[in-house]
Amino acid sequence: MRKGAIIGIIIALLAIGGGAAYFVMQDEEEVATTTTTSEQREVADEDETPGEATEGTEQNQPQDEEESSDVDQELTIDMRNYEFSVEEITASPGDTITLNLTNSGGEHNLFLDEFDVRSQTTNTGETTSVTFTVPKDASGSYEYYCNIGQHRQLGMVGTLNVN
């Protein structure tokens, strides 16, 4: 009888230990996601080369009317849980585009890999902007997406069509 009780205690301890290990692993995944996001923010903050995206900070926003005319398109996109308010953008090669991003729910950003566009990550109520130039040799459809957690897989994507 005593041997059965000891085996029961061992099984209970193993179950508790396995559950604890599961939760520790979940916390490590969240840390890895946060680390990735921080690394991506650092990449977005690095000096940009011509033709790449620039983040919407005061120092690289148009300062007067003359500079504003260099932007071919300026769009406002609302980011909310698992969707962008603008799901399709049409542009021509060489166009300079400014995307004014507002966040009405959650933590979001906008990435467009082919053109090195990486916006700042925002929380509810925050805004940011990105300005980029479509390369003159670009043609076709390109996906932009939110890279937070599983947002892309949950449908937080849009398409930039270049023709």
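Values quoted throughout were computed directly from the atomic coordinates according to the rules given, and no laboratory measurement underlies them. In this text, all values refer to a predicted model and were calculated from it rather than measured experimentally. Glycine also receives a Cβ, built like all others from the backbone with ideal geometry; neighbour counts cover every protein chain displayed.
Annotations
- Mean Cβ count within 10 Å, highest first, over the residues of peptides 109-118, 138-147: 109-118, 138-147
- Shape class of the range 60-163 from the alpha-carbon gyration tensor: oblate, with a/c at 1.5 or above and b/c at least as large as a/b.
- Stretch gain in nm, segment V86-T159, where the contour uses 0.36 nm per residue and the Cα spacing is subtracted: 25.4 nm
- Amide hydrogen proximity for Y82: with H placed 1.01 Å from N in the peptide plane, no residue at 5 or more positions away or on another chain lies under 5 Å.
- Label-point separation in nm, K136 to K3, each point 7 Å along Cα→Cβ: 8.6 nm
- Label-to-label distance for T127 and R152 is 2.8 nm, based on points extended 7 Å past Cα in the beta-carbon direction.
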